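Worksheet: the structure to be examined is printed underneath.
The values are calculated or read from the model by the stated rules, or taken from the named source; none is laboratory data. The structure presented is a predicted model; accordingly, all values stated were derived computationally and were not measured. Reconstructed Cβ throughout: ideal geometry from the backbone, glycine too, with neighbour counts over all protein chains shown.
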Amino acid sequence: MADKRRLILEGGDPAADARAFRRALGNFPTGVTIVTTAGVGAPAGVTVNSFASVSLNPPLVLWSIAHTSRSHAAFRQCEHFAIHILAEDQVGVSQVFASASDDKFSLVDWHSGRTGSPLIDDALTYLDCVCEARYEGGDHTIMIGRVVDFGRLEGSPLTFSQGRYGIMLDHPEVAGNARDQRRIERGLDELPFLTLIAKAHYKEDADLERWRSVAGYTPVGSKVLAGLHQSAPLTADELARGMYLDRREVEDSLNVFLADGHVALFDGHRFALTESGNQRRRQMIEYLSRYQGEQLVDIDPADLTVATRVLKGFLAGPDQQCGGLHIADHAPGVGTNFIS
């Protein structure tokens, strides 16, 4: 059993290293929600993963908002709010409300709910709430809501962990026998091609997690290196949007890479890889090549050739640029509270 023990990555007094403590909290995957309220003069909304259910009878839920949030005042005095649980194809909506934009609601479709709070169209679930209570909890305000109206749509939830978005995937141990395996394979037969790509990338990302830990990479850090590779200097915000990552986690990784000499700063706010950063990136590619060889050893080379050609055609197609990064570098990753 000793060889199965997990590596200790960091620990100690959370007050001494808040970033490490946030990474520890990030090992608890959550869903992704957007909370909205009518506000005074203009609606307010934030992206939140501090959501939890409290009680079924009465129907109570909670979430928290940082005192430093630009929307704190609006929620501190609101009488009602709506919580939206996002679907796996709503990363873009999440990033709109996680941004510092002053005009978030012009970028999404919405309508007024029963309480008057804005309801975002096509959210996987909405919970329209009356504010039941508020409590001060350190640097956050904890909001308790009584649900007066709700709705649930078909689909799968978006997830978030360690600064990365993710999708739901059955655990391999679920396929404990041939019947389960056939059920899963039939389920895969029903999925669209692009969803299969996302699920395959998610599986690869999870398989590589132990190697990242041994090599000293964080999940976000490895994606930051990928995002900066062969790119013009990018801002932290462009990296976060292009790689579908939490902006604060991206900034943390960039600060570490700056201190280690793996990235250089241009114009005071743009980042690019140095030679040592490119060397770190090459080490990642070498390991990925070995991993690929192990994983695809039983796949017919002819099938691999066809699949590679199809993927290259898709990635080279129109409208595949996002935030200065090629979509090939984008990854649905797999919480910390990342309120804007």
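Report, by residue number, each residue of region 34-50 that is buried (at least 22 other Cβ atoms within 10 Å of the Cβ) and not in a strand (DSSP E or B).
Passing the criteria: only ASN49.
Anything in region 2-33 that is surrounded by 11 or more Cβ atoms within 10 Å (Cβ to Cβ) and farther than 29 Å from ILE120 by Cβ? List them, or say none.
Scanning region 2-33 gives LEU9, PRO14, ASP17, ARG19, ALA20, PHE21, ARG23, ALA24.
Restricting attention to region 147-168, does a residue exist that is at pLDDT below 95, closer than 12 Å to ILE34 by Cβ and in contact with a Leu (Cβ under 8 Å, 6 or more places away or on another chain)?
Yes, there is a match, as at least one residue in region 147-168 is at pLDDT below 95, closer than 12 Å to ILE34 by Cβ and in contact with a Leu (Cβ under 8 Å, 6 or more places away or on another chain).
Considering only region 253-276, state which residues are surrounded by fewer than 22 Cβ atoms within 10 Å (Cβ to Cβ), within 25 Å of the chain's Cα centre (by Cα) and not in a strand (DSSP E or B).
Within region 253-276, ASN255, VAL256, LEU258, HIS269 meet the criteria.
Rundown of residues vs (1) out of contact with any strand residue (DSSP E or B) (no Cβ under 8 Å at 6 or more places or on another chain); (2) at pLDDT below 95, yes/no style:
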| position | (1), (2) |
| --- | --- |
| ASP103 | yes, yes |
| SER112 | no, no |
| GLY116 | no, no |
| LEU124 | no, no |
| ASP128 | no, no |
| ARG134 | no, no |
| ASP139 | no, yes |
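Can you pull out the strands (runs of 3 or more DSSP E) entirely within region 96-175 that have at least 3 residues that are crowded, with 17+ Cβ neighbours inside 10 Å, over 21 Å from the mean Cα position of the chain (by Cα) and assigned by TED's automatic domain parsing to the domain that holds GLY45?
The strands (runs of 3 or more DSSP E) meeting that bar are 125-137, 140-152.
Any idea which of (1) more than 23 Å from the chain's Cα centre (by Cα); (2) closer than 26 Å to GLU238 by Cα is the one ALA74 doesn't satisfy?
Only one criterion is unmet by ALA74, namely (2).
Only residues that are out of contact with any Ser or Thr (no Cβ under 6 Å at 6 or more places or on another chain) and not β-branched (Val, Ile, Thr): list them for region 87-98, please.
Scanning region 87-98 gives ALA87, ASP89, GLN90, GLY92, GLN95.
Could we say that VAL46 is closer than 30 Å to LEU169 by Cα and in the same structural domain as GLY151 (by TED's automatic domain parsing) here?
yes
Scan region 277-311 residue by residue and report those that are of a type in the set (D, E, K, R) and either surrounded by 13 or more Cβ atoms within 10 Å (Cβ to Cβ) or touching a helix residue (DSSP H, G or I) at 6+ places or on another chain (Cβ under 9 Å) (or both).
Those that are of a type in the set (D, E, K, R) and either surrounded by 13 or more Cβ atoms within 10 Å (Cβ to Cβ) or touching a helix residue (DSSP H, G or I) at 6+ places or on another chain (Cβ under 9 Å) (or both): ARG280, ARG281.
I'd like to check something: does region 211-229 contain any residue that is out of contact with any helix residue (DSSP H, G or I) (no Cβ under 9 Å at 6 or more places or on another chain), closer than 21 Å to ARG270 by Cβ and at pLDDT 85 or above?
no
Kindly indicate which of VAL61, VAL91 is more than 21 Å from VAL40 (Cβ to Cβ), buried (at least 17 other Cβ atoms within 10 Å of the Cβ) and modelled with pLDDT under 95.
VAL91
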